[in-house]
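The values are calculated or read from the model by the stated rules, or taken from the named source; none is laboratory data. Just so we're clear, the structure is a prediction, and the values are computed from it rather than from any experiment. Cβ placement follows ideal geometry from the backbone for every residue including glycine, while neighbour counts extend to all protein chains displayed. Just so you know, the surface numbers come from the protein's heavy atoms only, side chains and all, with ligands and any DNA or RNA stripped out. Shrake-Rupley method; radii C 1.70, N 1.55, O 1.52, S 1.80 Å.
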Amino acid sequence: MLLGRVAGTLVATDKEPTMEGLKFLVIKQIDVDESETGGYVVAADAVGAGVGEVVLFATGSSARQTAMTRDRPCDAVVMAIVDTWEVGGDVKYTK
Amino acid sequence: MLLGRVAGTLVATDKEPTMEGLKFLVIKQIDVDESETGGYVVAADAVGAGVGEVVLFATGSSARQTAMTRDRPCDAVVMAIVDTWEVGGDVKYTK
Amino acid sequence: MLLGRVAGTLVATDKEPTMEGLKFLVIKQIDVDESETGGYVVAADAVGAGVGEVVLFATGSSARQTAMTRDRPCDAVVMAIVDTWEVGGDVKYTK
Amino acid sequence: MLLGRVAGTLVATDKEPTMEGLKFLVIKQIDVDESETGGYVVAADAVGAGVGEVVLFATGSSARQTAMTRDRPCDAVVMAIVDTWEVGGDVKYTK
Amino acid sequence: MLLGRVAGTLVATDKEPTMEGLKFLVIKQIDVDESETGGYVVAADAVGAGVGEVVLFATGSSARQTAMTRDRPCDAVVMAIVDTWEVGGDVKYTK
């Protein structure tokens, strides 16, 4: 999984029917120092994450292992909202 | 999923038989500011996207989770036409 | 899928038994302007592509969705020989 | 698999229910000379790795092939603690 | 698949139980001119490759399509020892 910040939302009316009901989040990737890496991904939201929150997202076939995304053409999912992490004994982020 | 703009189409007569009937789109990848990243992908079209439209595409095994691409040697699919997205409260794109 | 030009062939006698009979192609990746990107892949040939031809290849689990590659430790397959593509209304390549 | 050093831990209370009970590790990727590459991944821990240890991690669908991660939206798992490796006859790392 | 040279071996005693008995190889990636790309991977050995040999390796779920790696948390496997390849009519490598 990688870390990201929910930057915004995306709307797509005309889509594969099985994607109906999914909420798309625009995620900016961040590194372990909480700085943006320049990368992004559009992910389905499985946990009700809000704009500005720091989240974990999974990609590939693992993105389909939620009730919301199973068997759908979805290759990225937000599967956790991050509370905190530490690196080298230092707390790097707290919600 | 990533964002892309449909740049054109591709024709391949001589192909794996299960790929018959699929429409190939040449997609230029774009970032959340709608600028091209320099990357591209050739994707199957599951939603009837037209040249110039901004779309979402999925890759890997998730690209096979549509009626059109299931069990086929297809690793990229356009699965949504984008209406709009916003980042940091600003609308970045509207169809 | 990505575009590539068949640059040559590869022979490997000592291999996983299920790979017997597969033809390995050395593929140089090209972009939509037909210039080489510097990347390459060794792919199984599912369509009888010849050296010099421009092809589409699929990677990951999608590379196993052909009669020739199913259930084999093969992560790249040439699944189409390209006739032509266009970008922005201009024909960029014709076989 | 790639090499990494366990840099720290991550806590996420609000997550996909099937992820309950998994321990998240922040892994800094290292190369064969044991220097950091700048990359990182957040991985589930399948082997009880401690902070500071050098580990192997697997990504993608392979990350779900442990009793702990099966059928979960988890795309990275620490599946081994490294004792030693050698390159060109030289021992590069010993635990 | 990609080309690599077997640079060395890796030992990990404490690992996911299903990984018992697998031999881990440290593979330095090479390009079609046989020069190192700077990348590496730690792969399971399915073909008895020796240090110094040039091999093909497969990644992702395809790395689990061998008797040795099936259903294991293994995302890279050496599945062939290369005899020779040619590019543009020139033999680039012979074992």
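Please find the FRET efficiency linking A:A67 to D:T13, where r is the Cβ-Cβ separation and R0 is fixed at 25 Å, and quote it to the nearest 0.05. Could you put the intermediate results ahead of the total?
Working: r = 19 Å, r/R0 = 0.76.
Efficiency computed from Cβ-Cβ geometry: 0.85.
Sorted shortest first, the separations between the E:G48 label point and its copies elsewhere in the assembly read 3.6, 3.6, 5.9, 5.9 nm; each point sits 7 Å from Cα along the Cα-to-Cβ line.
Across the protein assembly as shown the C-alpha pair distances fall into 10 Å bins from zero in the proportions 4, 20, 30, 28, 15, 3 percent. The mean count of C-beta atoms from other chains within 10 Å of the C-beta of residues in B:64-72, rounded to a whole number, is 5.
Chain D against chain E buries an accessible area of about 2100 Å², both chains summed, 1.4 Å probe radius.
For chain C, what is one quarter of the convex hull surface built on the Cα atoms, given in nm²?
Computed as one quarter of the Cα hull surface, the answer is 6.1 nm².
Would you mind checking D:K28/D:K92; C:K28/C:K92; A:K23/B:K92; A:K15/C:K28; A:K92/D:K92 for any pair whose Cα atoms are more than 24 angstrom apart? Before the final figure, lay out each step's value.
Details: D:K28/D:K92 18 Å; C:K28/C:K92 18 Å; A:K23/B:K92 18 Å; A:K15/C:K28 34 Å; A:K92/D:K92 30 Å.
From D:K28/D:K92; C:K28/C:K92; A:K23/B:K92; A:K15/C:K28; A:K92/D:K92, over 24 Å: A:K15/C:K28; A:K92/D:K92.
Each residue of region C:32-48 was assigned a 3J(HN,Hα) from its phi angle through the Karplus expression (A = 6.51, B = -1.76, C = 1.60, θ = phi - 60°), giving 6, 9, 6, 8, 5, 8, x, x, 8, 8, 9, 10, 6, 9, 9, 10, x Hz with x at Gly and Pro. Counting only DSSP beta bridges whose two residues both lie in region A:2-94, roughly 95 percent are antiparallel. Remark: label point of A:Q29 defined 7 Å out from Cα along the Cα-Cβ vector; separations to the same position in other copies 0.9, 0.9, 1.4, 1.4 nm, ascending.
So for region B:1-46, Kirkwood radius off the Cα pairs, Stokes-Einstein at 4 °C and 1.567 mPa s: how many µm² s⁻¹? Estimated diffusion coefficient is 112 µm²/s.
Partner shielding of C:15-28 amounts to 4, given as the average count of beta-carbon atoms from other chains within 10 Å of each residue beta-carbon.
Taking the DSSP beta bridges with both ends in the protein assembly as shown, the antiparallel portion is around 95 percent.
A:T13 label point (Cα plus 7 Å toward Cβ) to equivalent points in the other copies: 4.0, 4.0, 6.5, 6.5 nm, shortest first.
Given contacts defined as C-alpha pairs under 8 Å and at least six residues apart, what's the relative contact order of region D:2-94, whole-number percent?
Details: 196 pairs, mean separation 25.8, N = 93.
28 percent.
So how far, in whole Å, is the C-alpha centre of region B:17-74 from the one of region E:16-47? Here the two parts' Cα centres lie 31 Å apart. Averaged over the residues of D:39-47, the number of partner chain Cβ atoms lying within 10 Å of the residue Cβ comes to 4.
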